[in-house]
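Pasting a structure below so you can have a look.
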Amino acid sequence: MPTVKPRKITIPKSTTNGKAAEIPQVDPKHATFKLKLAPSKIHRWGVYAAEPIPPNRKVIEYTGERISRKETKRRAESTDLIYLFTLDSYWTIDGAVGGSGAEYINHSCEPNLASRIVKNHIIYVSLRPIKPGEELTVDYRFDKKVERIPCKCGAPKCRGTINLTE
């Protein structure tokens, strides 16, 4: 099976202090609205609305390589940057391989998106109106029984972790 590589744009060395750099991109085939990637205050890269997004609308599909639980465990233990989204009790989507750009949507304790699984597709849906320039966020809702990961969302009601607390 051929390897699918993430969509990225390479920036010439002349514009990055002599070092080549890659900027991840949103794949417009999977986005319903204009979105852009830019540095985030929350974590590394973030996805931002480039136009108004009304509430209760599909915004983007989370895509990537479909992998088994065994492969999920192997990948989770082999890298620090993980873009894994559990689809069901067996399958996981690895957004690092062929992702739509949705893998760069950061966690917030007060998100503006919710994830929905519809016919084995992971869809991000807007919870409220989203303004152009606003970072898109979703509550990762990591299980409270797994390693606790600190939250950096900065929301007024931040629970201090991306894990569920109840």
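The values are calculated or read from the model by the stated rules, or taken from the named source; none is laboratory data. On a predicted model such as this, the values are computed, not experimentally measured, just so you know. Note: ideal-geometry Cβ built from the backbone for every residue, glycine included; neighbour counts use all protein chains shown.
Quick one: in segment 128-156, which of the residues that are over 17 Å from residue 46 (Cβ atoms) and at pLDDT 95 or above is surrounded by the most Cβ atoms within 10 Å (Cβ to Cβ)?
Taking the candidates together, the pick is 129.
Same structure again: In segment 134-154, is there at least one residue being touching a Lys or Arg at 6+ places or on another chain (Cβ under 7 Å), touching a residue at least 12 places away in the same chain (Cβ under 8 Å) and not in a loop (DSSP other than H, G, I, E, B)?
Within segment 134-154, not a single residue is touching a Lys or Arg at 6+ places or on another chain (Cβ under 7 Å), touching a residue at least 12 places away in the same chain (Cβ under 8 Å) and not in a loop (DSSP other than H, G, I, E, B).
Looking at segment 107-126, is at least one residue among the aliphatic types (A, V, I, L, M), exposed (fewer than 13 other Cβ atoms within 10 Å of the Cβ) and under 25 Å from residue 25 (Cβ atoms)? Explain how you work it out, then say what you get.
Here is the first cut: in segment 107-126, the ones among the aliphatic types (A, V, I, L, M) are 113-114, 117-118, 122-123, 125.
Now drop any that are not exposed (fewer than 13 other Cβ atoms within 10 Å of the Cβ), which leaves 118.
Keeping just the survivors that are under 25 Å from residue 25 (Cβ atoms) gives 118.
Yes, segment 107-126 contains at least one residue that is among the aliphatic types (A, V, I, L, M), exposed (fewer than 13 other Cβ atoms within 10 Å of the Cβ) and under 25 Å from residue 25 (Cβ atoms).
If you don't mind, there's one more thing I want to ask. Just to be sure, is residue 76 under 16 Å from the mean Cα position of the chain (by Cα) and in a helix (DSSP H, G or I)? Even if it seems obvious, please write down each step before you answer.
Values: under 16 Å from the mean Cα position of the chain (by Cα): yes; in a helix (DSSP H, G or I): yes.
Yes, satisfied.
Every residue in segment 46-83 that is buried (at least 17 other Cβ atoms within 10 Å of the Cβ) and touching a helix residue (DSSP H, G or I) at 6+ places or on another chain (Cβ under 8 Å), please.
Selection gives 46, 47, 60, 61, 62, 63, 64, 67, 83.
Quick one: how many residues across segment 43-71 are at pLDDT 95 or above, assigned to a loop (DSSP other than H, G, I, E, B) and of a type in the set (Gly, Ala, Ser)?
Result for segment 43-71: 1.
Further question: Anything in segment 74-95 that is at pLDDT below 85 and out of contact with any strand residue (DSSP E or B) (no Cβ under 7 Å at 6 or more places or on another chain)? List them, or say none.
77, 78, 79, 80, 81, 82
Among the residues of segment 100-112, is there at least one that is of a type in the set (Ser, Thr, Tyr), closer than 14 Å to residue 35 by Cβ and in a loop (DSSP other than H, G, I, E, B)? First the steps, then the outcome.
Within segment 100-112, the subset of a type in the set (Ser, Thr, Tyr) is 100, 104, 108.
With the extra rule that they be closer than 14 Å to residue 35 by Cβ, the set shrinks to 100, 104.
Now restrict to residues that are in a loop (DSSP other than H, G, I, E, B): 100.
Within segment 100-112 (the criterion being of a type in the set (Ser, Thr, Tyr), closer than 14 Å to residue 35 by Cβ and in a loop (DSSP other than H, G, I, E, B)), the answer is yes, since at least one residue qualifies.
Which condition from (1) modelled with pLDDT under 90; (2) within 11 Å of the chain's Cα centre (by Cα) is the one that residue 106 breaks?
It fails just one condition, (1).
Something else: Considering 23, 93, which residue is touching a Leu at 6+ places or on another chain (Cβ under 8 Å), in a strand (DSSP E or B) and more than 19 Å from residue 143 (Cα to Cα)? Walk me through it before giving the result.
Values: 93 fails: more than 19 Å from residue 143 (Cα to Cα).
Criteria check complete, one pass: 23.
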